Each structure stands twice: as structure tokens, then as C-alpha cells.
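Student: My structure is below; once you've seen it, I'll send some questions.
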Amino acid sequence: MQQNLVWKPWTNPGVEHLSLAVASDGISASGQLIQSIRGNSIAATYLLTYDERWRFRRLWLKVDNQSQRSLELRRDIRGHWHLNGRPRADLADCQQVMLSATPFTHTALLQSGSLAVGDGERFRVAHVDLLGLRVEPRTQRYQCLQRHASHTLYQCDAEGHEPCELTLDGDGLLVQAIGQFIRTSRQLLRQADCA
């Protein structure tokens, strides 16, 4: 399955476009965004890859903010993390990567959809700050507030951020994060569209 998604920040100017491909052997997501972050205008391009069970494998990120900078973050099948080819032992207990300024990376954490209403789960993530390109371990907690056939509501408590309410559609893709992002478009691509 392939699809295109577009989000915009809740209040700030900006836009993000994501191409997502879900296949039996893994998931890849390619995104481009333009945003104003803490008074700085940035443009970023990223490529994320996951295995078939949404376990993070690789991030390639390029950010343009007065100059171009890039990074590559990998996690192997044994759970070892490498940033630009160098080991990052401090990320050993992290399960996923989270990019600041993008709503997509919530998806991998919540993809299993196994939380019952009222239940919560805590995750360690490798948080990537798009403005400074810093990578650090952080904690995020999600609690399932409501579950419907078409969507699920979660409370997200992310270290360093105000709590927010997330709405994910039936495929686990973010529709909105109150006060942060709102999805403006989702287009499923037919096989003929991809040829």
C-alpha cells in the first residue's frame, strides 16, 4: 500500500508532505517539511525505514537552516544504535525514533493498537531535534482515551513538551495533535498510480 499525506502546524506557518509505502518486507517513509521552529525557518528532508513490524531501522535527515546539515541514525536487529557510523550506547533502551516538528513518528509507536481504553504505555525514544540536530534519549507515555472503528484518541506525555491529545485514524496515522498538527490530505495510491 502506498499513500501520500500532508500535515500543517496548528498555528505556525508550514507544511509537511509524506510518501508512505507499506509492504510485506518493511515500511519506508519519505518526507519533506518547511516550518518555523522557535523563530527559525527550516526546510527538512527525511527518509525513515522500518521492518515489517514497524521496528525502526534507519533515519537519513537533511536540514537547511542558514546552512545544510545532515545525519544518519541506525538501529540494528540486536538493538544497537549508531549515529553517523558511531555507536550510541546511551540510546540502547530506545525503541523508536521521534523527530521534532513532524507528526508521523507517533505512528510506529502506536501501530500495534493494543492499548485498551484507559491503558497506558511508556516508551524510550531517540529524540531528534530538527533545529539543533541533537539526538538524545527521552521518555514518552501514551494513554488510550477512546477507541472507535474509524479512529482512536490518545493522551501523549512527551518529555520536554506539554501533554497533547492525538487522534489517529484506523490505520494508525495521525489526523491531529491538538495544538500541534492537523492533517489536511490523505491520498491512497492505486497500483497504476505508482507505475
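The values are calculated or read from the model by the stated rules, or taken from the named source; none is laboratory data. In this text the structure is predicted, and so the values were computed from the model without any measurement. For neighbour counting, all protein chains shown are included, and Cβ atoms are generated from backbone atoms with ideal geometry for every residue, glycine included. To get the accessible areas, we keep the full protein, side chains included, count just its heavy atoms, and leave off ligands, DNA and RNA. Shrake-Rupley method; radii C 1.70, N 1.55, O 1.52, S 1.80 Å.
Student: Among the residues of region 62-82, which ones are in a loop (DSSP other than H, G, I, E, B), open to solvent by 40 Å² or more (accessible area, probe 1.4 Å) and either within 15 Å of HIS127 (Cα to Cα) or of a type outside the set (Lys, Arg) (or both)?
Tutor: GLN66, SER67, ASP76, ILE77, HIS80
Student: For region 83-93, state whether one or more residues are surrounded by 13 or more Cβ atoms within 10 Å (Cβ to Cβ), out of contact with any Lys or Arg (no Cβ under 7 Å at 6 or more places or on another chain) and within 26 Å of ASN4 (Cβ to Cβ).
Tutor: No, because not a single residue in region 83-93 is surrounded by 13 or more Cβ atoms within 10 Å (Cβ to Cβ), out of contact with any Lys or Arg (no Cβ under 7 Å at 6 or more places or on another chain) and within 26 Å of ASN4 (Cβ to Cβ).
Student: Kindly list, by first and then second residue, each pair from a residue in region 162-188 that is of a type in the set (Asp, Glu) to a residue that is open to solvent by less than 40 Å² (accessible area, probe 1.4 Å), limited to pairs with Cβ atoms under 8 Å and residues at least 6 apart or on different chains.
Tutor: Listed pairs, sorted by first residue: GLU165/LEU153; GLU165/TYR154; GLU165/CYS156; GLU165/ALA177.
Student: In region 9-18, how many residues are surrounded by fewer than 16 Cβ atoms within 10 Å (Cβ to Cβ) and part of a strand (DSSP E or B)?
Tutor: Of the residues in region 9-18, 2 are surrounded by fewer than 16 Cβ atoms within 10 Å (Cβ to Cβ) and part of a strand (DSSP E or B).
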